[in-house]
Every structure is written in structure tokens, then in C-alpha cells.
Amino acid sequence: MKGVILAGGTGARLSPLTNVTNKHLLPIYNKPMIYYPIETLQSMGLTEVIIISGREHCGHILSLLGSGKGFGMKFAYEIQEEAGGIAQALGLSEDFTDKDNIAVILGDNIFERPFDVSSFNHGAKIFLKRVTDPQRFGVAEIKGDTVIGIEEKPVAPKTDYAVTGLYLYDQTVFSIIKSLKPSKRKELEITDVNNAYVTRGEMQFDFVDGYWTDAGTFESLLRANMLAAGQTLEKILRDLQRP
């Protein structure tokens, strides 16, 4: 299995922090944001990873991460020339994956605990987490052990199961991407990819243990820092309350 980190986008919701740098280079406690998805893939035993970013700041990411030797991994890089959506960015990794299954993670997603993906061999798999604001995410509707549909940022969510930014796919994902039509946002949507697997009866799911957050808004960026800081933050707050 190979890894794909999607670290593009303009980061407009975090302006002005992102006016001169990539969102994924912002600090989350004591590490750049992009270190967290790297460590998630590392926890799966993956050693070959491609990082896809936009032209503006790809050089900054390359300067930070280099060949991947410092992580005991091997990194490749690809440029997404325009903002065409998550699925469009994923499509750029096809040659790199060389017919292997892939683990795809969004560069601003932070998970507390490692994942065991050794049993995955075909189809697709998503990882769900119950949230209080499902309107911000893709939302999965499940029946028993089956995903029956996924809605992207629904106004009236049918469940509170957010689809987190970690996905497992077999190689048919690339033929699905090539068949997609742009959404109203003029992008190729990852939710459409996932629903294609749902329609084929090839979508698996599991629930995320421990905390999970994205870091794409000021509120979630703060939450990510607080979660990553953990006990250190608690100690700081206690010290501040002392007379």
C-alpha cells in the first residue's frame, strides 16, 4: 500500500495566516501541520508517500520534508496546477501508486491513534467520527454494517457521522475519478468517488478511536492545537490560575 497526502488548496478560510505560506505548514503545537498526516501513514507501516500541493508553496513543503529520509520514508511530489477538488488532486497520484492499494489523507486532518489497515484488500474504506457539527463535512448514512449513502455538507444531516479525511482505495478509484463530472463548485468531489463505491456495494467503514479534527478554520485550528498539546496545555492553564 502506498500513501497519498493531499496538501493543496488556498487555505482562504485561514487568511491572513495563509497569505504567504501553505496552510499545511502552519504549526500545530510543536510540529508543522503536515507532520501529523505523515505520522498517521507511518503508523500504518507505509514507507512510500506522494505529497500533492499547489504550485505556490510546493517548494516550501519540499524544503521542509525533503526526500523523506528523516522520517524513514520515501517522498515524491506532484503539483496540482489549479483548484479542481480533492478527487482531481488524488487523480494526479495514479502513476506513483503503480497499481497498489492506497491510503489517502487530507493534509489538515489530525488523528490521535494509529490505524491497522492490514486487512484491507479491495474496494474502499472510510473512517467515521460522531460530531456536533456534521454540516461541515461529508455525512455517512449507515444501516447495520453497510454504508447506504454519503451527503456532502448537508443542510439537514441524516446522521452525525462525519466522514474523516482518511480513505483507503483500490486501483479502480482512478477509473471512477476519470468518469466524474464537476460539481456545482466546478470541482471533482471525493464524496462522489465514495458514493460510486457505495453504489457498487464495495464501501467499508470503521469508527475512529480517540480524537480527530481537521484544522482548516480558525476554530478547528485552535482545537487541533489544544488536542495536540494535551497535558502540556492543561498544566499551562493550571499555572495561569495560580495566585
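Bear in mind these aren't lab numbers, they're just calculated from the coordinates by the rules spelled out. Note that the coordinates shown come from a computational prediction; the quantities given were computed from them, not determined experimentally. Note that we place each Cβ from the backbone using ideal geometry, even for glycine, and neighbour counts take in every protein chain shown.
Residues of the range 101-129 with backbone nitrogen within less than 14 Å of a virtual label 7 Å along the Cα-to-Cβ line of Phe207, please, listed as ranges.
Zone members listed by number: 127-129.
Highest GNM mean-square fluctuation, the chain, Cα pairs closer than 10 Å: which of Ser119, Ser220, Ser53?
Ser119
Between Glu112 and Lys181, what is the FRET efficiency for a Förster distance of 35 Å, r being their Cβ-Cβ separation, to the nearest 0.05?
0.45
Per the Kirkwood treatment, what hydrodynamic radius in Å, one decimal, follows for the range 106-243 from the mean inverse distance over all distinct Cα pairs?
Hydrodynamic radius (Kirkwood, Cα pairs) of the range 106-243 is 16.6 Å.
Dividing the Cα radius of gyration by the Kirkwood radius, what Rg/Rh value follows for the range 61-127?
Taking Rg over the Kirkwood Rh, I get 0.95.
What are the ³J(HN,Hα) couplings of the range 195-207, residue after residue, when phi is run through the Karplus curve with 6.51, -1.76, 1.60 and θ = phi - 60°? Round to Hz, x for glycine and proline.
With coefficients 6.51, -1.76 and 1.60, one gets 5, 5, 5, 4, 4, 7, x, 10, 9, 9, 8, 8, 9 Hz.
Using a basic spin-label model with each label point 7 Å from the Cα along Cα→Cβ, how many nm lie between Ser119 and Glu152?
3.1 nm
Under 5 Å between amide H atoms, partner at least 5 residues away or on a different chain: which partners does Gly9 have, H built in plane at 1.01 Å?
Gly54
Hey, any idea what Rg/Rh is for the range 175-243, computing Rh the Kirkwood way over Cα pairs?
Rounded to two decimals, Rg/Rh equals 1.25.
Which whole-Hz ³J(HN,Hα) couplings does the range 13-23 yield from phi under the Karplus relation 6.51 cos²θ - 1.76 cosθ + 1.60, θ = phi - 60°, glycine and proline marked x?
5, 10, 5, x, 4, 9, 5, 10, 8, 6, 3
From Cα coordinates alone, what are the radius of gyration and Dmax values for the range 1-125 in angstrom?
14.0, 43
I'd like the Karplus ³J(HN,Hα) series for the range 93-99: coefficients 6.51, -1.76, 1.60, θ = phi - 60°, whole numbers in Hz, and an x wherever there's a Gly or Pro.
Per-residue couplings from phi come out as 8, 4, 4, 4, 5, 6, 6 Hz.
Full-extension gain between Glu219 and Leu233, please, as 0.36 nm times their residue separation minus the C-alpha to C-alpha distance.
Gain on extension, Glu219 to Leu233, equals 3.4 nm.
Go ahead and set up a Gaussian network model of the chain, Cα springs under 10 Å, then flag whichever of Val163, Val155, Val147 fluctuates most.
Greatest mean-square fluctuation among the candidates belongs to Val155.
Leaving out same-chain residues fewer than 8 places away, which lysines sit with a Cα under 26 Å from that of Lys99?
Lys2, Lys69, Lys74, Lys125, Lys178, Lys181
What's the long-distance tail for the chain, i.e. % of Cα pairs beyond 34 Å?
In whole percent, the long-distance tail amounts to 13.
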